[in-house]
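Q: Have a look at this one.
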Amino acid sequence: MPAVAGPRVHGVSIATTTFLVAFVMAVLVLIAADLFYAKPETILEVLRLPEVQHAIYLSLVTTAITLVLVIVFAVPMGYALSRYRFPGSVVLDAIVDLPIVLPPVVVGVSLLVFFRTSAGQWIESVPWLGFVYTVKGIVLCQFFMSVSYAIRASKASFDGIDRRLEHLALTLGCTQAQAFLRVSLPMARNGLVAGAVMAWARAVGVFSPVYVLAGAVRMKTELMPTTVWLELSIGRIEPALALSLVMLAIAMVALVLIHLLGQTHRWWGL
Amino acid sequence: MIEIRDLTFRAGDFQVRSVSLDVANGEYFVLLGPNGSGKTLLISCLCGLLRAESGRILIDGQDVTHAEPRLRRIGYVPQDYGLFPHLNVAKNVTFALRAAGHSRAAALVKAGPLIEKLRLGHLLDHMPATLSGGERQKVALARALAIQPRLLLLDEPVSALDGPTRAEVIEQLRIVQRDVGVTTIHVCHSTDEALAVADRAGVMIDGRLVQTGRLEELMEHPASPDVARLLNARLLPRA
């Protein structure tokens, strides 16, 4: 907003900025508390534990697979939601957001219940396709919990592209697919990448659905958040804190990336 | 030869009705009309971006009424030029050639004469956001002409330009059109602009093409008070 004449500092600017500063201070105090509590040598020692290394490894592998799936689904779904209007499209749009507002444990319970139905039992009976208490179940939970963020980002990115540019591409000899690949997709690139980063960061932190569907079995279905919970449940705060700091670092890197791609204002500004 | 026969189509609540028009090969036809008369919709329908309800569009005898836009070989320059903001000038100009399967180098060689004719050589690496209005217009024109179109559609091509640039671009438009020999339909509001370029003109009012002919004839013998008002109103500043 351009500066207007008159005093630079007034009641509204003081009040709103006070709230902003207070909240940021609260977040920084929490991070500082973690950092002061954790001794560096303890953190390094914890990070050398086999179960912790396995949890980090499994978290990275499963979230990488989830990320690929999220991109494969979110890009076309975001495009469809952005470009096509049909009966029920508003309802579809709302359902896409459902995993964002649902309590995570409800997603886990719903998945578990689904795999107790006849359709779910049939899927479970396929030898290479079991989800309950398996790594595939972890990926499924991470996917359900994170894909909505990427779809929302994808839709916002495509919404921001003038559809007439796609039409122009058609007059210039492109098929619909070429217009998508040569115009829409590259123009939406920053938003799509930022959405993928957001979804990945979300997937890294998924805990309760994974706990319900895949369990918390040491060295088998144990992720970073699972380790934090397992360690806390037996009163060992240092390992929990060490992994919390690892996840905090991941979240910070993801947020910086998203801001660098300049997308947050487009997602939440719509 | 462009032949439009009883073309009727709809965009929302607005209907363009029973438009019939012949444009000869190499002719420069200007379509005049007030805002909201359906001029832009008509050229959108001609290039296949709006579906025709009835009637026919023939280009050199080939019926393209229901053909996909990409198969019509119609060059289209929209009002805001519609340059692809993520591509530099070279990639914008060669866009259609690349889509047709030419390599980057071959496309640039093929577009070379156009780039030279429109004096775009020094701008090839520039992004659209850094260009002036006149430069954007020339890039959009080069991009549309690169497909060697059978028909060139210009939607108010100079409306966003200032006075001196507008005169220069109008002159260049006419020169390039004559050089290339492409049949052209140019949509605008300004009778002065039409006088500068048109072989023939037509007036569209409320979704109907109400009169066509040489512009001087239209001004001398307007078919209705609305046409007279439109053309005379435009002539007032000159008088």
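Q: Can you list the trypsin sites (Lys or Arg not before Pro) in the stretch B:153-201 that are in a DSSP coil and have 13 or fewer other beta carbons within 10 angstrom?
A: Of the trypsin sites (Lys or Arg not before Pro), not one in the loops of the stretch B:153-201 has a Cβ with at most 13 other Cβ atoms within 10 Å.
Q: Follow-up. Is chain A best put as rounded, prolate or oblate by its Cα gyration tensor, with a ≥ b ≥ c the root eigenvalues, rounded for a/c under 1.5, and otherwise prolate when a/b is larger than b/c, oblate when not?
A: oblate
Q: With a 1.4 Å probe and every protein chain left in place, tell me how much accessible area A:I237 has, in Å² to the nearest 10.
A: Using a 1.4 Å probe on the heavy atoms, I get roughly 70 Å².
Q: Turning to a different aspect of this structure: Using the heavy atoms of the protein chains alone and a 1.4 angstrom probe, what is the accessible area of chain A per residue in square angstrom?
A: 55 Å²
Q: Using the alpha carbons of the stretch A:138-205, what is the convex hull volume per residue in cubic angstrom, as a whole number?
A: Hull volume normalised by residue count: 75 Å³.
Q: Moving on to the next point. In straight Cα distance, which aspartates and glutamates are under 17 Å from A:K136, not counting same-chain residues fewer than 8 positions off?
A: Qualifying aspartates and glutamates at Cα under 17 Å: A:E124, A:E222.
Q: How crowded by other chains is B:63-70, given as the mean number of beta carbons from other chains within 10 Å of each beta carbon?
A: Partner Cβ neighbours, averaged per residue: 3.
Q: Any chance you could check the Cα centroid distance between the stretch B:62-102 and the stretch A:1-66 for me, in angstrom?
A: What the calculation gives is 48 Å, centre to centre.
Q: What average count of beta carbons from other chains do you get within 10 Å of the Cβ of residues in A:160-169?
A: Mean shielding count: 5.
Q: Got a sec? What order do B:M204, A:M25 fall in by accessible area at 1.4 Å, biggest, i.e. largest, first?
A: Listed by decreasing accessible area, they come as A:M25, B:M204.
Q: Please work out the C-alpha center-to-center distance from the stretch A:126-186 to the stretch B:134-186 and express it in whole Å.
A: Value for the Cα centre distance between the two parts: 37 Å.
Q: Considering only chain B, what is the antiparallel percent among its DSSP beta bridges, to the nearest 5?
A: About 55 percent, rounded to the nearest 5.
Q: Which aspartates and glutamates, if any, have their Cα less than 12 Å from the Cα of A:K39, not counting same-chain residues under 8 positions apart?
A: Answer for A:K39, where 12 Å is the Cα cut-off: A:E238, listed by chain and number.
Q: Output the Kirkwood hydrodynamic radius of the protein assembly as shown, Cα pairs only, in Å rounded to one decimal.
A: 27.5 Å
Q: Another question, if that's okay. Quickly estimate the mean residue ellipticity at 222 nm for chain A, helices only: each DSSP H run with n ≥ 4 gives -39500 (n - 2.57), and the total goes over all residues, rounded to 500.
A: Result for chain A: -24500 deg cm²/dmol, rounded to the nearest 500.
Q: Report A:H259's accessible area, 1.4 Å probe, all protein chains in place, as a number in Å² to the nearest 10.
A: Roughly 110 Å² of A:H259 is accessible to a 1.4 Å probe.
Q: Does anything in the stretch B:182-196 have its amide N under 14 Å from the 7 Å Cα→Cβ label point of B:E171, and if so which residues?
A: B:196
Q: Ignoring ligands and nucleic acids, what accessible area does B:V182 show with a 1.4 Å probe (Å², nearest 10)?
A: It works out to around 10 Å².
Q: Here is a further query. Just tell me which lysines come within less than 20 Å, Cα to Cα, of B:K91; anything on the same chain fewer than 8 places away is out.
A: Answer for B:K91, where 20 Å is the Cα cut-off: B:K110, B:K117, B:K138, listed by chain and number.
Q: Let me ask you something else. If packing is taken as the average count of other Cβ atoms within 10 Å, what order do B:221-229, B:50-58, B:26-34 fall into, highest mean first?
A: Ranked from most to least packed, the peptides come out as B:26-34, B:50-58, B:221-229.
Q: Give a quick list of trypsin sites (Lys or Arg not before Pro) in the stretch B:94-144 that DSSP marks as loop, anything other than H, G, I, E or B, with at most 12 other Cβ atoms within 10 Å.
A: Those that pass, being in a loop and sparsely packed, are B:R119.
Q: Here's another thing I want to ask about it. Could you tally the net charge around A:S244, taking each other residue with its Cβ under 13 Å from the Cβ of A:S244, Lys/Arg +1 and Asp/Glu -1?
A: Local charge sum for A:S244: -2.
Q: Taking the Cβ-Cβ separation of A:Y133 and A:V9 as r and a Förster radius of 41 Å, what is the calculated FRET efficiency to the nearest 0.05?
A: Computed FRET efficiency for A:Y133 and A:V9 comes out at 0.10.
Q: To the nearest 20 debye, what charge dipole does the stretch A:42-266 have about its Cα centre, counting +1 at the Cβ of each Lys and Arg and -1 at the Cβ of each Asp and Glu?
A: 500 debye
Q: Let me ask something else about it. Carbon and sulfur: what percent of the stretch A:42-266's accessible surface (1.4 Å probe)?
A: After summing per-atom areas, the C and S share lands at 72 percent.
Q: Kindly rank A:175-186, A:196-207 from highest to lowest mean number of other beta carbons found within 10 Å of each residue.
A: Order by mean packing, descending: A:196-207, A:175-186.
Q: Amide H of B:M204 versus every other amide H placed in the peptide plane: which residues, excluding those fewer than 5 positions away on the same chain, fall under 5 Å?
A: Hits under the 5 Å cutoff: B:L32, B:G33, B:V210.
Q: Still on this structure, please answer the following. Using θ = phi - 60° and the Karplus form 6.51 cos²θ - 1.76 cosθ + 1.60, what ³J(HN,Hα) does each residue of the stretch A:136-144 get, whole Hz, x for Gly and Pro?
A: Values per residue, Gly and Pro as x: 4, x, 4, 4, 4, 5, 4, 4, 4 Hz.
Q: What's the carbon and sulfur percent of chain B's accessible surface, probe 1.4 angstrom, rounded to a whole number?
A: So the carbon and sulfur contribution to the accessible surface is 49 percent.
The values are calculated or read from the model by the stated rules, or taken from the named source; none is laboratory data. Quantities reported herein were computed from a predicted structural model and do not represent experimental measurements. Note that each Cβ is placed from the backbone with ideal geometry, even for glycine, and that neighbours are counted across all protein chains shown. SASA here: full protein model, heavy atoms, side chains in, ligands and nucleic acids out. Shrake-Rupley method; radii C 1.70, N 1.55, O 1.52, S 1.80 Å.
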